[in-house]
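Have a look at the structure below, then the notes.
Just so you know, all these numbers are worked out from the coordinates, no wet-lab data involved. If you're wondering where the values come from, they're calculated on a predicted model, not measured in any experiment. All Cβ positions, glycine included, derive from the backbone under ideal geometry; neighbour counts span all protein chains shown.
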Amino acid sequence: MEFKNLLFAVEDGVATITFNRPKALNAMNTETMKELMDAATLCRNDDAIKVLILTGSGEKAFVAGADISEMQNLRPKEALAFMELGNETLRLIETLPKPSIAAVNGFALGGGTEISMACDMRFASETARFGQPEILIGLIPGWGGTQRISRLIGMGRAKELIMCGEQVDAKRAYDVGLVNRIFPLDQLLPETKKFARKLAGMPGFALKMAKHSINYGYDLALDNGIRLEMECCAQCFSTDDQKEGMKAFLEKRKPVYTGS
Ligand code: DAK
C-alpha cells in the first residue's frame, strides 16, 4: 500500500509505520490521520503482521502534534469531525489484537504523545520529548490525552502536564511511567525491532488475550476484571500453542509456536 505522508514496511512479521512529513515535524493533518487509519486497518486484517511499530522519520520528531495550520480556522463542528477521525484511529490502534510499540524518536507533543499512548508500549530515544501543550494554544487535548495520560501516570501528574503545557524529557517520562525503555537515538529503532521480533515469535492468541484482559479489565470492578481474565485465560487452552508451550517445557526444549 502506498501513502503520501507515511512509510509502511513489513519485515519478519513486524510492520513499521513511519510518520513522514518532515517539513511540519510530522504534524498530523487530516490526510495523514486518514492514512494512519488505513495502515492500522491493514495491520489488523493481515494475520502475517504480528506486531506494529509506530515511529517518526528524521531525527527531530515523532509527531509534533495535530497540524496547527490546518486547525486554526476550524469551526466547532469541523473540529469535532477531526477529533472523531483521530479518536477512531487511535482506538483502532489501541484495540488491535496484536501488540504495538511507539518508538519515539524526538518531539511527541500534543497529538504525538496521544498517538504514542494508544500503543501498548513506548520506547524513547534519549532525545525524545513528551508533552500536552494544547493549553498554550488555547485548547485541551482532543485525541484522548486527558483520559489516557491520567491512566498511565496518575491524575496529579496528568493535570500538571496538561494545565501547564510543559514538555518532559525521556528520563522524566520514564520516571513517571509514560515510557517503558530509553535508548540512544541511533539504537532506538534497531532495539525496538529486536524487541518486536521477540514478541512476534510468542504465542499470538495468548498475546491477544493478555492485551484484551488488561485493556478491558482496567475500568472494571476488581471481581469483574478477574472474571474477564479467567475467561481470557481459559480460551488459551483451546490453542495448539498452549499445548506446544507446556509440552516443550516438560520435554525441556524450546517451543515452536505456529499461531494456531
Ligand atoms: N503543526 C503544524 N506545523 C508544525 C507543528 C504543528 N503541530 N509543529 C511544528 N510545525 C512546523 C513549524 O511551523 C515549522 O514550519 P516552517 O515554519 O518551517 O514552515 C516546522 O514545523 C519546524 O518547526 P519549528 O521551526 O518550530 O522547529 P523548532 O525546532 O524551533 O521547534 C517544536 C520544534 C516542536 C518545539 C515547535 O515546532 C513546536 O512547538 N511545535 C508545536 C508543538 C505543539 O504545540 N503541538 C501540539 C499541537 S496541538 C483536536 C484534535 C487534536 C488535538 C486537539 C484538539 N480537535 C480537533 C479539536 C491535539 C492538538 C495538538 O496536538
Item checked: Given (1) polar (S, T, N, Q); (2) farther than 21 Å from Leu36 by Cα; (3) within 11 Å of the ligand (Cβ to nearest atom), index of the condition Ser69 fails -> (2)
Next item on the list: State whether the residues of the stretch 38-47 include one that is in a loop (DSSP other than H, G, I, E, B), free of Cβ contacts under 8 Å to residues at least 60 places away in the same chain, away from the ligand (no atom under 15 Å from the Cβ) and surrounded by fewer than 21 Cβ atoms within 10 Å (Cβ to Cβ).
Entry: yes
Next item on the list: Identify the residue in the stretch 57-66 that is within 12 Å of the ligand (Cβ to nearest atom) and not in a strand (DSSP E or B) and, among all such residues, is farthest from Asp169 (Cα to Cα).
Entry: Gly58
Check: Within the set of pairs 6 or more residues apart or between chains, which connect a residue that is closer than 13 Å to Arg122 by Cα inside the stretch 163-182 to a residue that is of a type in the set (Lys, Arg) and not in a helix (DSSP H, G or I) with Cβ atoms less than 6 Å apart?
Finding: Val179/Arg122; Asn180/Arg122
Check: Listed residues Thr32, Thr89; which is within 12 Å of the ligand (Cβ to nearest atom), assigned to a helix (DSSP H, G or I) and in contact with a helix residue (DSSP H, G or I) (Cβ under 8 Å, 6 or more places away or on another chain)?
Finding: Thr89
Check: Is there a residue being more than 16 Å from the ligand (Cβ to nearest atom) and free of Cβ contacts under 8 Å to residues at least 24 places away in the same chain anywhere in the stretch 203-211?
Finding: yes
Check: For Gln167, which of the numbered conditions (1) under 22 Å from Ala61 (Cα atoms); (2) surrounded by fewer than 16 Cβ atoms within 10 Å (Cβ to Cβ); (3) more than 16 Å from the chain's Cα centre (by Cα) fails to hold?
Finding: (2)
Check: Does Leu54 count as within 16 Å of the ligand (Cβ to nearest atom), out of contact with any strand residue (DSSP E or B) (no Cβ under 6 Å at 6 or more places or on another chain), closer than 14 Å to Phe8 by Cα and in contact (Cβ under 8 Å) with a residue 40 or more places away in the chain?
Finding: no
Item checked: Filtered residue count, the stretch 218-260, keeping only those that are in contact with a helix residue (DSSP H, G or I) (Cβ under 6 Å, 6 or more places away or on another chain) and either over 27 Å from Gly13 (Cβ atoms) or aliphatic (A, V, I, L, M) (or both) -> 2
